[in-house]
Structures are given as C-alpha cells and as structure tokens.
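Before any comments, here is the structure.
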Amino acid sequence: MAQRFALMITPVDADEQRADFSDSFTAVNPTAPALSVGELSTQRGDGVFESIGVVDGHAQEVEPHVQRLAHSAKLCDLPAPNLEQWRQAIALAAAECGPGEAVIKLILSRGVEHGPAPTAWATAAPASDFSAARTDGIRVVTLDRGYDLGAGERAPWLLLGAKTLSYAVNMAALREAHRRGADDAVFVTRDGYVLEAPTASLIIRRGERFITPAPSGGILHGTTQLSVYEYLADQGLTAEYATLTVDDLAGADAAWLVSSIRLAAPITAVDGAPLPVDAAFTAALNAYLLSPR
Ligand code: PLP
C-alpha cells in the first residue's frame, strides 16, 4: 500500500446489534494529530492493541485477533468491545491496503483522563520487509524476565496475558538483544522456563513433535502460533503445549519465532550456539502463513 490510513472509532456497547456501524467511524488524516493530550494511552500506556497482518488486501485471522482484543480488554477492566463493530473497522482498513503486505493496528485505550468513554482507533500502513528474517533466520539471546512461571496466575494485575500498550519493556529487551549481537530475545522466567519473545511466540521442534510454552505461563496466546498449530494438525503432525527450559530450546531440532507480521522466523542461534534450520519446512510454513487465513 502506498498510503497510510486511520479511522477513529466511537466504541458502542458490546451487545448493540447493528448491520452497519459506519456512522461510528471517522476516517482521519493519518499524518495529522488526532488524539487529545489527556489520552491515557499516551500518558500511561493504559490500553490494549492488536496488530493484524494483511496480504493483498486480506486481513489474516480476524476472529482470533478480535477475540484476543476482547480478552485483553477484560483483563484490563476496559469496557467489552463490540466485536462486529471492530470487524467492520478491520474490513474498511483492509480495503485501503491493496497489493502486498500491510499491517492493521487496533487500539482500545482507557480514553481521556476524567473522560466519559474509551478512545478507539484503527490504522493501516505498509509492513516492513521481513523476507530476510523468514529465509535467513534470526539469532536470539535468552533474557531474564524477572518473575517465575507462576507469576501470571498469582498476580493477575501484572496483566501478563493481555496485549497492553505498555511495550517499553519489550522494546528495551529488543535493544538489549541487539547490544548482545543478536536479532531478537526469548524471555526466561526466574525458574528457568522459556516464555516468548518481546513481539512473537516461540515454537520448537523436537523429533516429530512441535511444542510451544503454555499460555497459562503468563504469556500472550499468539494468533500465529494458533494458526501454525492448525497447519501442523492438517499435516498430521503433533503440536502441543508444555513448559520448556532453556536447554529444551538450545537442544531443539529446530525452532521459530512466529508473529502476525514477520510470520515464521527460523532461529539460527541461541545465546551464540547454532541451532539447525529446516529451510524447506520453514518456506512451506511461510507460504501457508501468506495464504488467506
Ligand atoms: N507475544 C508477544 C509479547 C507479542 O507482542 C506478540 C505479537 O506482537 C506475540 C506473542 C505473537 O502474537 P501474534 O501471533 O498474534 O502476532
């Protein structure tokens, strides 16, 4: 897509039923200011979001994304989103995308300080070119996440399973990975279990088994990981959830970071030690992830 697109959304009640929500959308100039300085999303990162991959104008895995938006909103005590309203906003944004890869972002914020309602908007923009990461792979380092595997269930106020706008820590972890000469990071709990990357889910292959850390461990349930698991099931392959240690990752037969925009990036090294890459399988996986889903 050549141009960016932005749509302000007036959120309506979750149970309001309408065939057409277009009068709750206002297309705005994506390069002009659109938010109030009292916005709690910008002041505190207090809100939730989704990033949806778009391929040739087709928004991928819309349903898992809107469901996760609702799940994140619930964890943050935000008003439940009207899913049909968000589906229609996604359709409008996707129609602006044209050929190639793009990204639609959905944002649901607590709103303006002392304001009556949450603020919501959607944007569409060209996606970065991730073809090198998909084919040549990425080196990862493991980074301490600072809590143990039980923290998510023990302390729900940490919002570990919500896709909140507070990504400063995730971005800091990526910078630390770059400082250590790697491309990306894998978070590790204090008790030694691998979790996820700052913006992606981890999947490893051990023999014929594909394994990802269970979302109960305080991580996001990735829509791409769910989609990959459907693909694996269709191929008759075993895909499961389990707790995984750093040694499980370092000793894997193959491993990937998967996410909505970069798709499947094979891991070529963990903390400087090489990991085997299955180039043919990875190419097939990315071909599937680029097909309409
Ligand atoms: N984990 C984290 C922390 C993320 O930020 C993301 C995506 O941005 C993912 C996992 C992967 O989620 P998805 O596959 O839905 O993009």
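Considering the stretch 203-224, the residues that are assigned to a loop (DSSP other than H, G, I, E, B), without any contact (Cβ under 8 Å) to a residue 40 or more places away in the chain and open to solvent by less than 70 Å² (accessible area, probe 1.4 Å) include one that is farthest from the ligand (Cβ to nearest atom), namely A214.
Among the residues of the stretch 174-195, how many are closer than 15 Å to G137 by Cα, open to solvent by 30 Å² or more (accessible area, probe 1.4 Å) and in contact with a helix residue (DSSP H, G or I) (Cβ under 9 Å, 6 or more places away or on another chain)? Number satisfying all stated conditions: 1. Anything in the stretch 1-38 that is modelled with pLDDT of 95 or more, closer than 30 Å to W157 by Cβ and not in a strand (DSSP E or B)? List them, or say none. Within the stretch 1-38, T10, P11, V12, D13, A14, D15, E16 meet the criteria.
For the stretch 225-235, check the following and say yes or no: at least one residue is in a helix (DSSP H, G or I), more than 26 Å from E50 (Cβ to Cβ), open to solvent by 10 Å² or more (accessible area, probe 1.4 Å) and touching a residue at least 12 places away in the same chain (Cβ under 8 Å). No; the residues of the stretch 225-235 include none that is in a helix (DSSP H, G or I), more than 26 Å from E50 (Cβ to Cβ), open to solvent by 10 Å² or more (accessible area, probe 1.4 Å) and touching a residue at least 12 places away in the same chain (Cβ under 8 Å). Listed by first and then second residue, the pairs linking a residue in the stretch 45-60 that is open to solvent by 10 Å² or more (accessible area, probe 1.4 Å) to a residue that is away from the ligand (no atom under 14 Å from the Cβ) and assigned to a strand (DSSP E or B), with Cβ atoms under 7 Å apart and 6 or more places separating them unless they lie on different chains, are D46/S109. When the stretch 33-73 is filtered for residues that are among the small types (G, A, S) and either out of contact with any strand residue (DSSP E or B) (no Cβ under 7 Å at 6 or more places or on another chain) or within 12 Å of the ligand (Cβ to nearest atom) (or both), the ones remaining, listed by number, are S51, G53, G57, A70, S72.
Just a yes or no: is a residue in the stretch 234-244 among the aliphatic types (A, V, I, L, M), modelled with pLDDT of 95 or more, within 30 Å of A102 (Cα to Cα) and within 16 Å of the chain's Cα centre (by Cα)? No, the conditions are met nowhere in the stretch 234-244. A122 falls short on exactly one of the conditions (1) small (G, A, S); (2) more than 19 Å from the chain's Cα centre (by Cα); (3) surrounded by 14 or more Cβ atoms within 10 Å (Cβ to Cβ), and that condition is (2). Looking at the stretch 248-270, can you tell me whether even one residue there is open to solvent by 50 Å² or more (accessible area, probe 1.4 Å), at pLDDT 95 or above and in contact with a Ser or Thr (Cβ under 8 Å, 6 or more places away or on another chain)? Scanning the stretch 248-270, I find no residue that is open to solvent by 50 Å² or more (accessible area, probe 1.4 Å), at pLDDT 95 or above and in contact with a Ser or Thr (Cβ under 8 Å, 6 or more places away or on another chain), so the answer is no. A search for C-beta distances below 8 Å between a residue of the stretch 244-260 that is touching a residue at least 60 places away in the same chain (Cβ under 8 Å) and any residue that is open to solvent by less than 20 Å² (accessible area, probe 1.4 Å) and away from the ligand (no atom under 16 Å from the Cβ), counting only pairs 6+ apart in sequence or on different chains, returns V246/V270; L249/V270. Looking only at residues in the stretch 145-173 that are in contact with a strand residue (DSSP E or B) (Cβ under 6 Å, 6 or more places away or on another chain) and farther than 14 Å from G45 by Cα, the one that is least open to solvent (accessible area, probe 1.4 Å) is A173.
If you check T135 against the conditions, is it hydroxyl-bearing (S, T, Y) and surrounded by 15 or more Cβ atoms within 10 Å (Cβ to Cβ)? In short, no. Out of the residues in the stretch 77-102 that are over 16 Å from S260 (Cβ atoms), in contact with a strand residue (DSSP E or B) (Cβ under 8 Å, 6 or more places away or on another chain) and open to solvent by less than 10 Å² (accessible area, probe 1.4 Å), state the one that is nearest to the ligand (Cβ to nearest atom). Among those residues, the one meeting the criterion is A89.
The values are calculated or read from the model by the stated rules, or taken from the named source; none is laboratory data. Small disclaimer: the values here were computed from a predicted structure and weren't measured. When we count neighbours, we look across all protein chains shown, and the Cβ atoms used for this are built from the backbone with ideal geometry, even at glycine. For the accessible areas, the whole protein counts, side chains as well, though only heavy atoms, and no ligand, DNA or RNA atoms are used. Shrake-Rupley method; radii C 1.70, N 1.55, O 1.52, S 1.80 Å.
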